[in-house]
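Undergrad: Take a look at this one; I'll ask things after.
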Amino acid sequence: MVFSSFIFLFMFLPITLFLYYITPRRFRNLTLFVVDLVFYSWGEPMLVLLMLTSVLINYVSAILIGINREKKALARTVFVISIILNLGLLGFFKYVGFIGETLNFVLPFLDLPVLEVSLPIGISFYTFQTMSYTLFLIGLSKKVLIANEMGALWDAVRESGSQSGALGAWVGITAYTFQIYFDFSGYSDMAIGLGRMFGFEFMKNFDYPYISKSITEFWRRWHISLGTWFREYVYIPLGGNRKGLGRQIINIGVVWFLTGLWHGASWNFVLWGVYFGIILVIEKSFMLKLLKKAPAVVSHLYSLILIVFGWVLFYFENMSDMGVFIARLFGADGFMMHGSIVSCITGYIPLLIAAALVSTPLFSFIYHKIKSRAVTAVIDNAGSIAALLLCTASLASSAYNPFLYFKF
Amino acid sequence: MRPAKLLKYLPAFIFCGFIFVFMILWFALPKESYSSQEKRMLAEFPELNAGTLFSGDFQKSLDEYMSDHIPARNFFVGLNADFELASGRNGSNGIYLGSDGYLFPKPAVRTDQLINNAQYIKEFAESIDVPVYMTVIPSSGYANSSKLPLIHEDYTDAELISDFAKGLGSRVTFIDTADVLIRESALKQLYYRTDHHWTSRGAYECYKALGKKMGFEPVPESEFSVETVTGFYGTSYSKSALWFVSPDKIELWHNTRQSKDAVTVEIKDGSDIKTNNGYFFRERLEEDDKYPVFVDGNHSLVRITNTDVEDGTLVVVKDSYAHTIVPFLSQNYRNIIMADLRYYKKDISDIVRSENADGVLLLYSLDNLSNDPYLSNLF
């Protein structure tokens, strides 16, 4: 079940809120546990068993480790076993197909059968982190009103092929840049908002990443929970920067290889991770100092171009498609766009501008400048109503499929 | 609760109130099984059993069921269309809003099918020995270019039609009516505002142009009395979801000199046969989409007989644009046999022979001709 669907918004959520508030306080988490199982089992009912297994393993391991604190060896053994089981589940469900395909490519004579395992929803997030109304609505609007529309523009640009020229291709990948940010941060906002509805605090996951002045800063502002996790559980345990420059570079390499692979089981994600790893090493060695001295325009442009180009690597799982698109970005199909994509892109200009503005803290800044309680109250309430109506309208529209004898 | 505190919680109340009321309405309101706007059956409540539940089919179907039956669905779909229009995305549902309340489907694109269809028609004309006439109706957006919105895709109808005509060969008499339609569009309404079809007026202008090439004398306009029907919302209207656009009028042109019971329309769908006195099927005027009032819309084979006319037999191979013009052509041909290749699966050349036809007219809109895969069934 996805947050931005009728079934979630107008069925699951109201019922959950209702059940939550009629449950006596001490049983509320039990209520949440049960409705969560319904939530997770919605798309793939049988895979919820996997999740229950994982929950059980971790729950029991934690208790065993807790009561055996004194017996170091035993506690450690339980810990290692639980890690192996957890990574085993993740590895099997997320990466087994990828490993098979790659081995077959490198060593064709092996001819391994490639297992098609359908990925249980949320397993990546779930393994990392068995991890208020306004925030939820902001997230919903980001997802429905901006991300989905930017996705439609990006699709149209790719479908227009060589007609987009370099200009259209850059607009297209910019649209994708917005899509991925508003999709992901919208979803994070919704999750944080929902968490707060039921008394759970989650850390902020995005902090206006596209206003960064370096890639180092970008990764402090983008998907903060992931960056934190890799720093604390991979980079620092490997020795971080405490064991000399050579070792530090290797550690960075490992972290970014894994970061790439975490995003998806395909080599382009590894490429994308390594791309940022290399940029970060370069920034650490000398670039950051230069960027500090440079005018703000230069450092913003530098960061944006690298980020936007990074999304090209992220998007294309097929390397030859990626090559064609990169060539187009650099003028292989001419500079100007022509054909039907021109009017399509022109129509999206207002939304592109809106997306760019919402990517900055501008509106938040203005809102917090307002001293008058009355004015903020009007903004809050009118904004809530507008967001609810427009998001519902957009979702309703996507299910509106005139089956007209249009051609006839 | 103090007013200030109440105000602070108001956005949360609005949110919760909205989702709860929406859910209650969803349960309470009666469910339609058919959407006349979309012309399709809406999803039915899914079957619930252990099999559908554990496979996830039930959940998936429930999603669809819910989306198809949300409260105030038309209001929300319209709101979204209005919002898209206001934020610069005119044409997002495939329909442009032009000036004077005109809705224009986006232009036809160049296809291989169009060129292949020219080849099929060329070979068909070579296989029979009666004259074959062909005309292509350009799109509403092309004929009304001055009413198009500022930003729109190019309507290259003239180019496409002329490329198509080049492939027809010398046995086909191609009648270019696009010029006439453009010229007259400046003065009169030749296309509906809310539908992709042409009006009776548009068909009449084309009828006059055809007369010159096909050698018949068109009945002058003065001999017709025009009946006007209001409240027509066409397919462009349904697709656009721009509900504020005002409805069209449909004109039914009656020949004042026609004798009673002179005209019979006989419709054949497989073995079903139904007959009607006159060209117009008035029960169709009760529907939102009233265009099928003309010879009852799409059917496999339709025979139109006008006993006021002495002779002449014309075979018309067509799409739905022909339904408006056939009542005019029927003023000059005693028998018209109208075949729709989407439903009629036998050779047209057989009809030509068995009916001893004087000629064949192929009449298609450009958009349809560019995509129609059935012309290979001509012979």
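Undergrad: Counting other beta carbons within 10 Å of each residue's own, what order do A:HIS263, A:HIS368, B:HIS323 fall into, fewest first?
TA: In increasing order of surrounding Cβ atoms, one gets A:HIS368, A:HIS263, B:HIS323.
Undergrad: Right, here's the next one. Ranked from highest to lowest mean number of other Cβ atoms within 10 Å per residue, what is the order of the peptides A:41-49, A:280-288?
TA: Most protected by this proxy first, the peptides run A:41-49, A:280-288.
Undergrad: In degrees between 0 and 90, to the nearest 10, how far off the longest principal axis of chain B does helix B:200-214 point, with axes built from Cα atoms?
TA: That works out to roughly 30 degrees.
Undergrad: Taking chain B as a Gaussian network, where each spring joins two C-alpha atoms under 10 Å apart, which residue of B:THR156, B:THR256, B:THR235 fluctuates the most?
TA: Among B:THR156, B:THR256, B:THR235, the largest mean-square fluctuation in the Gaussian network model of chain B belongs to B:THR256.
Undergrad: Run the quick spin-label model on A:LEU49 and A:LEU37: label points 7 Å from Cα toward the beta carbon, then report their separation in nm to one decimal.
TA: 1.4 nm
Undergrad: With a cut-off of at most 15 other beta carbons within 10 Å, and DSSP calling the residue loop, which GluC sites (Glu not before Pro) in region B:232-310 qualify? Please list them.
TA: Here the sparse-neighbourhood loop sites are B:GLU287, B:GLU310.
Undergrad: In region B:100-378, with Lys and Arg counted as +1 and Asp and Glu as -1 at Cβ, which of these residues, B:ALA339, B:ILE250, B:LEU150, has the Cα nearest the positive end of the dipole, that is, farthest along it?
TA: Farthest towards the positive pole: B:LEU150.
Undergrad: Sticking with this one: So what is the relative contact order for chain B, in percent, with contacts set as C-alpha pairs under 8 Å and at least six apart?
TA: The value is 16 percent.
Undergrad: Mind computing the radius of gyration and Dmax over the alpha-carbon atoms of region A:279-408? Å is fine for both.
TA: Answer for region A:279-408, Rg first and Dmax second: 21.9, 66 Å.
Undergrad: Spin-label point model (7 Å from Cα, Cβ direction): what's the A:ILE366 to A:ASN401 distance in nm?
TA: The two pseudo-label positions are separated by 4.0 nm.
Undergrad: Another question, if that's okay. Would you mind working out the magnitude of the charge dipole of region A:217-322 relative to its Cα centre, with +1 at each Lys and Arg C-beta and -1 at each Asp and Glu C-beta, to the nearest 20 Debye?
TA: My answer is approximately 640 debye.
Undergrad: Ok, one more. Grab the alpha carbons of region B:74-189, take their convex hull, and tell me the volume per residue in Å³.
TA: Hull volume over Cα atoms, normalised by residue count, gives 137 Å³.
Undergrad: Next up: As an exercise, use a Förster radius of 22 Å and the Cβ-Cβ distance of A:ALA296 and A:ILE349 to find the FRET efficiency, rounded to the nearest 0.05.
TA: Calculated value: 0.30.
Undergrad: OK, next. Regarding region B:100-378, what whole-number volume in Å³ per residue does the convex hull of its Cα atoms give? Can you show the working numbers first?
TA: Numbers: hull volume 35.4 nm³, N = 279.
Output value, Cα hull per residue: 127 Å³.
Undergrad: Just to check, using Stokes-Einstein with a Kirkwood Rh over alpha carbon pairs, what's the diffusion coefficient of region B:1-141 at 25 °C and 0.890 mPa s in µm²/s?
TA: 115 µm²/s
Undergrad: Here's another thing I want to ask about it. Can you figure out the FRET efficiency of A:ILE385 with A:PHE309, using R₀ = 51 Å and their beta-carbon distance, to the nearest 0.05?
TA: Values: r = 40 Å, r/R0 = 0.78.
Efficiency, rounded to the nearest 0.05: 0.80.
Undergrad: Now, a different point. As an exercise, find the ratio Rg/Rh for region A:17-77 from alpha-carbon atoms, using the Kirkwood inverse-distance average for Rh.
TA: 1.16
Undergrad: Separate question: Note down the relative contact order for region B:3-72 as a percent, whole number, built from C-alpha pairs under 8 angstrom at least six residues apart.
TA: Worked out over region B:3-72, it gives 29 percent.
Undergrad: For region B:20-56, which GluC sites (Glu not before Pro) pass both filters: DSSP loop (anything but H, G, I, E, B) and at most 11 other C-beta atoms within 10 Å?
TA: Working: sites: B:GLU32, B:GLU38, B:GLU44, B:GLU47; in loops: B:GLU32, B:GLU38, B:GLU44, B:GLU47.
Passing both the DSSP loop test and the Cβ count: B:GLU47.
Undergrad: Still on this structure, please answer the following. Distances longer than 15 Å among the Cα atoms of region B:264-319: what percent of all pairs is that?
TA: In whole percent, the long-distance tail amounts to 54.
Undergrad: Using only alpha-carbon positions, what ratio does the radius of gyration of region A:179-286 give when scaled by 2.2 N^0.38 Å? List each step's numbers first, then the result.
TA: Working: Rg = 15.2 Å, N = 108, 2.2 N^0.38 = 13.0 Å.
So region A:179-286 has a normalised radius of gyration of 1.16.
Undergrad: In nm², what is the average projected area of the convex hull enclosing the Cα atoms of region B:3-72?
TA: The Cα convex hull of region B:3-72, projected and averaged over all directions, gives 7.0 nm².
Undergrad: Between region B:213-235 and region B:63-94, what is the C-alpha centre distance in whole Å?
TA: Centre-to-centre (Cα) distance: 36 Å.
Undergrad: Using only the Cα atoms of region A:233-340, what do you get for the radius of gyration and for Dmax, in Å?
TA: Cα radius of gyration and Dmax of region A:233-340 are 16.9, 57 Å respectively.
Undergrad: Near B:LYS122, which lysines are there with a Cα under 26 Å away, not counting those fewer than 8 places off in the same chain?
TA: Qualifying lysines at Cα under 26 Å: A:LYS407, B:LYS166, B:LYS208, B:LYS212, B:LYS213, B:LYS318, B:LYS345, B:LYS346.
Undergrad: Turning to a different aspect of this structure: Using the Cα centre as the reference, give the magnitude of the dipole from point charges on the C-beta atoms of region B:3-72 (Lys, Arg: +1; Asp, Glu: -1; all else neutral), rounded to the nearest 20 debye.
TA: It works out to roughly 500 debye.
Undergrad: Averaged over every viewing direction, what's the projected area of the C-alpha convex hull for chain A? Give it in nm², one decimal, please. Don't jump to the answer; show the numbers that get you there.
TA: Details: hull surface 112.2 nm².
The directionally averaged projection comes out at 28.0 nm².
Undergrad: Still on this model: Label B:GLN113 and A:ALA377 with points 7 Å out from Cα along Cα→Cβ: what is the distance between them in nm?
TA: A separation of 6.0 nm, rounded to one decimal place.
Undergrad: Would you mind working out the magnitude of the charge dipole of chain B relative to its Cα centre, with +1 at each Lys and Arg C-beta and -1 at each Asp and Glu C-beta, to the nearest 20 Debye?
TA: 1080 debye
Undergrad: Okay, moving on. Estimate the FRET efficiency between B:SER259 and B:ASN356 by the formula 1/(1 + (r/R0)^6), using the beta-carbon distance for r and 30 Å for R0, to the nearest 0.05.
TA: 0.75
Undergrad: Going by how many other Cβ atoms sit within 10 Å of their own, how do B:LEU362, A:LEU137 line up, fewest first?
TA: With the fewest neighbours first, B:LEU362, A:LEU137 line up as A:LEU137, B:LEU362.
Undergrad: Turning to a different aspect of this structure: In 20 Å bins starting at zero, report the fraction of Cα pairs in the protein assembly as shown per bin as a rounded %.
TA: 13, 37, 31, 16, 3, 0
Undergrad: May I ask for the distance between the Cα centers of region A:13-88 and region A:231-282, given as a whole number of Å?
TA: About 30 Å separates the Cα centre of region A:13-88 from the one of region A:231-282.
Undergrad: Please identify the trypsin sites (Lys or Arg not before Pro) of region B:277-379 that satisfy two criteria: DSSP loop assignment and at most 14 other Cβ atoms within 10 Å. Which are they?
TA: B:LYS345, B:LYS346
Laboratory data are not the source of any read-out in this text; all were calculated from the coordinates shown. Predicted model only: the values in this text are computed from it and were never measured. Positions of Cβ are backbone-derived with ideal geometry, glycine not excepted, and every protein chain shown enters the neighbour counts.
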